[in-house]
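Q: A single structure is presented below for examination.
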Amino acid sequence: MRKAINPGAVLALVLLILIGGCDSVKVTRCFTTGAVASGSAVASEVGSEVFRRGGNAFDAAVAVGFALAVVKPQAGNIGGGGFAVVREGQTGQVAALDFRETAPKAAARDMYLNDSGEVIENLSTVGALSAGVPGTVAGLHALWEKYGTMPWEDLVTIAAELADTGFVVAVSQAEMLSDYYVPLSEFPETKTLLYPAGRPPQAGDRLVLKDLAGTLFLIAAEGPRAFYTGHTADQIVACMEKNGGLITAEDLEEYLPVWRRPVHFSFDSLDVYGMPPPSSGGIILGQMLKLLEPYDHSSFTSRSPEQIHMFCEAARLAYADRAEHLGDPEFYDNPSGLLDSTYLAERRRKLPLETAGVSADVRAGNPLKYESDQTTHFSVCDTDGNMVAITVTLNANFGSRLAVDGAGFLLNSEMDDFAIKPGHPNLWGLVGSEANKIESGKRMLSSMSPTLVLKGDRPFLVLGSRGGSKIITAVAQAIIDCSRFKLPLLEIMSRPRFHHQWLPDVIFFEKGGLTEATRQKLIDKGHEVRERSAYGGLHMIMIDASGLLCAVADPRDEGAVAGY
Ligand code: DON
């Protein structure tokens with residue numbers, strides 16, 4: 001039965017949020033009916049309100065997704081794409097939804113190279129040519145169509161109202177908008193959209209997005225049609241024509257999200273469900289956890305040099321496979337042997353227990369032998385066992401930096417996630433090969449890893465993160481901290497993250513995250529260790545044996561939880 005939200009209540013909610021009357025700015029809290037952990041207090045509160053009105057986790061996720069497109073214009077979006085891994089409580093079925101961007105029909109393998117075959121700087125990362133055909137609106141609609149119980153219009157209207165009335169710019173957002181003022185101002189549409197006063201907003205200023213509100217009201221009333229064949233489609237095509245992009249009316253009209261079978265594997269006593277290609281998330285997470293599974297961790301502590309070493313060696317092997325073997329399954333035959341136990345046993349033999357491996361000596365394996373038949377993240381779940389992990393992205397902050405004139409939103413720069421030239425690192429330092437070359441209509445390989453974990457039939461974890469190539473290792477660390485080191489939620493969130501991705505051959509760790517002794521031990525083992533700023537935005541919900549929904553949001557992302 002579809003329950004209507006009365007419009008007065010929507011307005012009251014928006015006002016409540018605007019005057020700061022909600023008490024949802026919490027990093028962790030437990031709930032009994034429904035919980036949301038996201039990178040925005042406002043968006044989490046929107047989800048909580050949907051629960052209060054009787055909606056389920058899917059209704060809340062749709063409303064949160066659109067709210068993030070308003071209050072996090074740097075990442076939340078309708079001009080980008082994403083992935084979801086979901087579980088329907090009633091049937092226990094787990095499904096994966098791919099609403100990744102596609103390469104426009106006119107895209108070609110060497111479109112970012114000059115006549116000498118060199119990469120043309122910034123072409124795949126900035127401006128109209130860097131954008132893939134957006135998938136978010138179709139994706140959220142597909143999720144709602146299959147599992148939602150409340151009217152679509154009501155769920156999208158909450159975000160439209162938020163854009164219409166505006167939202168208060170947070171401290172970190174003001175800093176980011178200030179940092180990006182010069183590059184974003186190169187695009188007049190973007191300058192008008194994000195800097196209406198002609199200067200970066202101060203923290204506490206209100207940012208009103210009237211054009212975005214207009215677009216969202218249309219999507220609320222007409223559904224995805226408005227975006228893919230209606231008024232918004234016309235605006236996107238006009239933007240492409242004006243700025244030299246490739247997306248056509250036909251590209252938009254033909255865009256379809258795809259339901260896929262999730263990657264499923266066990267780790268310890270847990271059942272893990274991850275995103276299949278065109279995301280590498282599920283398979284690489286699976287490889288890392290399965291490579292590590294047989295090793296006894298009881299003599300380690302979390303973040304000890306021994307644990308970091310083993311984890312990074314597993315990451316080195318898994319990311320080497322990522323670079324070689326993964327791409328859009330409609331275009332490239334992803335080897336199913338990548339998670340085969342015999343293949344992983346063979347790979348595990350290459351895992352050096354004491355001293356650092358050398359990436360130059362490590363190559364992708366040959367899983368073909370083992371073939372058998374077979375960037376903002378948010379987590380939502382409810383007491384009926386519905387679980388929703390969704391990661392959406394524009395790629396870099398503010399995506400292509402190009403806003404669609406009159407439509408109020410930014411387009412993604414996802415084309416850079418293709419291997420634009422073999423061996424050329426993308427924005428996240430990842431290299432790729434034939435499997436992920438640019439082809440017309442193809443989806444670019446991703447690292448996004450929305451993940452669900454079950455204990456037997458019981459919902460246990462809903463998680464995922466932002467962070468480009470570092471998403472997969474962040475999710476893996478959270479699962480290991482939970483399963484092996486039995487750390488409490490807040491501790492899992494506050495432990496410093498570390499990362500290895502085969503190339504470059506370096507362990508990255510968050511600034512201040514390692515003691516000098518640990519760092520020295522890793523160096524003694526032969527690792528190069530490099531500090532970097534804090535990263536990721538891992539928002540997670542743990543469901544305890546009594547069914548209590550305990551949510552934790554990542555403070556690195558100014559995240560907040562809310563629920564009911
Ligand atoms: O799909 C991917 O793997 C990247 N486009 C994700 C980018 C990302 O996570 C940005 N977050 N900080």
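The values are calculated or read from the model by the stated rules, or taken from the named source; none is laboratory data. Here the structure is a predicted model, which is why all the values come from computation and not from measurement. Ideal geometry is used to build each Cβ from the backbone, glycine not excepted, and the neighbour counts take in all protein chains shown. With ligands, DNA and RNA removed, areas are computed over all heavy atoms of the protein, side chains included. Shrake-Rupley method; radii C 1.70, N 1.55, O 1.52, S 1.80 Å.
Q: If you line up the Cα atoms of region 40-82 on their principal axes, what length do they span on each, largest first, in Å?
A: In descending order, the Cα extents are 30, 19, 10 Å.
Q: Turning to a different aspect of this structure: Considering only protein heavy atoms, what is the solvent-accessible area of S299 at a probe of 1.4 Å, reported in Å² to the nearest 10?
A: Its accessible surface works out to 100 Å², give or take rounding.
Q: Probe radius 1.4 Å, ligands and nucleic acids left out: which of L113, L252 has the largest accessible area, and how do the rest follow?
A: Working: L113 35, L252 0 Å².
Putting L113, L252 in descending order of accessible area: L113, L252.
Q: Okay, next question. What is the sum of charges, Lys and Arg at +1 and Asp and Glu at -1, for the other residues whose Cβ falls under 12 Å from the Cβ of V126? The partial results should precede the final answer.
A: Numbers: positive: R401; negative: E121, E186, D416.
Local charge sum for V126: -2.
Q: Note down the Stokes-Einstein diffusion coefficient of region 247-375 in µm²/s, whole number, using a Kirkwood radius over alpha carbon pairs, 37 °C, and 0.692 mPa s. Please list the in-between numbers first.
A: Numbers: Rh = 16.2 Å.
Answer from the Stokes-Einstein relation: 203 µm²/s.
Q: Probe radius 1.4 Å, ligands and nucleic acids left out: which of S465, S172 has the largest accessible area, and how do the rest follow? Present the calculation step by step, with values, prior to reporting the outcome.
A: Numbers: S465 0, S172 50 Å².
The ranking, largest first, comes out as S172, S465.
Q: Using the basic label-point model (7 angstrom from Cα toward the beta carbon), what is the D333 to E516 distance in nanometres?
A: Here the answer is 5.6 nm between the modelled labels.
Q: With θ set to phi - 60° and the Karplus curve 6.51 cos²θ - 1.76 cosθ + 1.60, what are the ³J(HN,Hα) couplings of region 63-75 in order, to the nearest whole Hz, using x for Gly and Pro?
A: Values per residue, Gly and Pro as x: 5, 5, x, 6, 5, 5, 5, 8, 8, 10, x, 6, 9 Hz.
Q: Helix-derived [θ] at 222 nm for the chain: sum -39500 (n - 2.57) over DSSP H runs of at least 4, divide by residue count, nearest 500?
A: Numbers: 18 runs with 193 residues, N = 564.
Calculated at 222 nm, the ellipticity per residue is -10500 deg cm²/dmol.
Q: Something else now. How high is the relative contact order of region 521-564, in percent, counting Cα pairs under 8 Å that sit 6 or more residues apart?
A: Details: 41 pairs, mean separation 12.2, N = 44.
Across region 521-564, relative contact order equals 28 percent.
Q: If you take all C-alpha pairs in region 170-231, what percent of them are over 18 Å apart?
A: 47
Q: Something else now. In whole angstrom, and with the biggest value first, how far do the Cα coordinates of the chain range along each principal axis?
A: 63, 62, 47
Q: How much solvent-accessible surface does K521 expose, in Å² to the nearest 10, with a 1.4 Å probe and all protein chains in place?
A: K521 has an accessible surface of roughly 110 Å² with all protein chains in place.
Q: Cα centroid distance between region 503-523 and region 313-353, in Å?
A: What the calculation gives is 25 Å, centre to centre.
Q: Take the Cα radius of gyration of region 330-435 and divide it by 2.2 N^0.38 Å, with N its residue count; two decimals is plenty. Each step should come with its number before you reach the end.
A: Numbers: Rg = 19.6 Å, N = 106, 2.2 N^0.38 = 12.9 Å.
Rg over 2.2 N^0.38 Å, computed on Cα atoms: 1.51.
Q: How large a share of the accessible area of the chain, in percent, is made up of carbon and sulfur atoms when the probe is 1.4 Å and the other protein chains stay in place? Write down the numbers at each step before the final one.
A: Values: 10200 of 19820 Å².
In the chain, the share of accessible area belonging to carbon and sulfur is 51 percent.
Q: Separate question: Modelled label-to-label distance, S116 and R206, 7 Å Cα→beta-carbon offset: nm?
A: 5.5
Q: Let me ask you something else. Under a Cβ-Cβ cut-off of 12 Å, what is the net charge of the residues other than F227 that fall near it, where Lys and Arg count +1 and Asp and Glu count -1? All intermediate terms of the calculation are to be shown ahead of the outcome.
A: Details: positive: R225; negative: E222, D234, E253.
Net charge around F227: -2.
Q: Work out how far the C-alpha atoms of region 418-564 reach from end to end along every principal axis, then list the three figures in whole Å, largest first.
A: Taking max minus min along each principal axis of the Cα atoms, region 418-564 gives 51, 48, 30 Å.
Q: Taking the Cα centre of region 312-397 as origin, work out the dipole magnitude from +1 charges on Lys and Arg Cβ and -1 charges on Asp and Glu Cβ, in debye rounded to 20. Can you show the working numbers first?
A: On the way: 8 positive and 14 negative charges, 95 e Å.
So the dipole magnitude of region 312-397 works out to roughly 460 debye.
Q: Averaged per residue, what accessible area in Å² does region 101-237 show with a 1.4 Å probe, protein chains only?
A: Details: 5440 Å² over 137 residues.
About 40 Å² of surface per residue is accessible.
Q: I would also like to ask the following. For D211, D361, give me the order by solvent-accessible area with a 1.4 Å probe, most accessible first, ignoring ligands, DNA and RNA.
A: Working: D211 75, D361 125 Å².
Ranked from most to least accessible, the order is D361, D211.
Q: Applying 1/(1 + (r/R0)^6) with R0 = 25 Å to the Cβ-Cβ distance of A108 and A249, what FRET efficiency is obtained, to the nearest 0.05?
A: On the way: r = 20 Å, r/R0 = 0.78.
The value I calculate is 0.80.
Q: What does DSSP give for the chain in terms of the percent of beta bridges that are antiparallel, rounded to the nearest 5? Working shown, then result.
A: Details: 63 of 68 bridges.
Beta bridges within the chain, antiparallel portion: roughly 95 percent.
Q: Starting from the 7 Å offset along Cα-to-Cβ, what nm value, one decimal, do you get for the label separation of E241 and E528?
A: Computed distance between label sites E241 and E528 equals 4.9 nm.
Q: Separate question: Pairs to check: K242/K442; K146/K442; K72/K146; K290/K470; K421/K511; K26/K290. Give those whose C-alpha atoms are more than 28 Å from each other in this structure.
A: Working: K242/K442 24 Å; K146/K442 25 Å; K72/K146 26 Å; K290/K470 18 Å; K421/K511 32 Å; K26/K290 34 Å.
From K242/K442; K146/K442; K72/K146; K290/K470; K421/K511; K26/K290, over 28 Å: K421/K511; K26/K290.
Q: Shifting gears a bit: Arrange the peptides 510-518, 555-563 so that the one whose residues have, on average, the most other Cβ atoms within 10 Å appears first.
A: Final packing ranking: 555-563, 510-518.
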